[in-house]
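What follows is a set of notes on a single structure, which appears directly below.
Just so it is clear, none of the values below were taken in a lab; they were calculated from the coordinates. What you see is a predicted model; the values in this text were computed from it and never measured. Positions of Cβ are generated from backbone atoms using ideal geometry, with glycine treated the same way; all protein chains shown enter the neighbour counts.
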Amino acid sequence: MNGRSRRNVVMALDLKSTETIADVGAGTGYFARRFAHHAGKVYAVDIDQKLLDIAGKDAPPNLKTVLASPVIHGFRNDPSTPFSFAMYFTTSRTGPPTTQSSQRC
């Protein structure tokens, strides 16, 4: 995925400053950092503390890192879920990343 495609992903989400975003599987926070420029609050969620340390270093103040358990399988459409939007990507050795889930919670 090139830089323009990544920017298109962020812009296509049409994020609002009133929204809270969960970047699940955030890794080093590439997308979480970009979401933070548009959303009110962003949670970079991952199961690897070392990657979250990178994501949190010099991050915008509205980006928070969350260490997750690898046994959690997803979000429910539930008022107690604090996120406005959840998104995740999968990667393939033969092709570019694709959006597998992109829905308002």
Residues with amide H under 5 Å from that of TYR43, placed H, sequence gap 5 or more: ILE21, ALA22, ASP23, LYS64
Would you list LYS64, LYS16, LYS41 from fewest to most Cβ contacts within 10 Å? LYS16, LYS64, LYS41
